[in-house]
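Peer 1: Just dropping this structure here.
Nothing in this text is a laboratory measurement; each read-out follows from the coordinates by a stated rule. Just so you know, these numbers come straight off a predicted model, no measurement behind them. Backbone-built Cβ (ideal geometry, glycine too); neighbour counts: all protein chains shown.
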Amino acid sequence: MKIEGGCLCGKVRYSGEAEPIFAGVCHCTNCQKGSGTAFNTVVAVPKPAITVTGATKTFEGRGDSGNATYKRFCPECGSPIQIEAAVMADVVMIPVGTLDDKSSVNPAMQIYCDSAQPWALLGNMQRFPKMPG
């Protein structure tokens, strides 16, 4: 799959070629706050497959699991570019909204549904109360 996208102002771009590891919706409280809405939709790919151009800033936090998370974003417009989690060190999650072509992404699961807003659970996709094992 060709992966290309970037931030709102265009100063940060990413590209690569990789088969997605997974695509899903996360309802954890960090994703709610970090996205400014009820959930975050991401496509996960091997970290070495993606090249980023332009300067990014990193916010290091803790996920609902207690493990470190790294949110990389454009320092100019604030758009999220990549999300990384210490529990998946070789994986980078790309927010679907930043992709140039979102049509090829088909989320298959929802995680951290125990912290989901009751009105935000989506369709018939598989649901997990926390991160699946």
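Peer 1: Starting with the fewest neighbours, write out K33, K11 ranked by other beta-carbon atoms found within 10 Å of each beta-carbon.
Peer 2: Details: K33 11, K11 16.
Least crowded to most crowded, the residues run K33, K11.
Peer 1: Over the Cα atoms of the chain, what Rg and Dmax result, in angstrom?
Peer 2: Expressed in Å, the Cα Rg and Dmax of the chain come to 13.9, 38.
Peer 1: Using label points projected 7 Å from each Cα along Cα→Cβ, tell me how many nm separate K33 and E19, to one decimal.
Peer 2: Between K33 and E19, the label points sit 3.7 nm apart.
Peer 1: A further question follows. When the helix-only estimate is applied to the chain (DSSP H runs of n ≥ 4, each -39,500 (n - 2.57), divided by the residue count), what is the mean residue ellipticity at 222 nm, nearest 500 deg cm²/dmol?
Peer 2: -1500 deg cm²/dmol
Peer 1: Okay, next question. Pulled fully out, how much extra length does the chain show between Q117 and D101, if you take 0.36 nm times their separation in residues and subtract their Cα-Cα distance?
Peer 2: Computed gain between Q117 and D101 is 3.0 nm.
Peer 1: Take F59 and N124, extend 7 Å from each Cα along the Cα→Cβ direction, and tell me the distance between the two endpoints in nm.
Peer 2: Each label point is offset 7 Å from its Cα along the Cβ direction, giving 3.6 nm.
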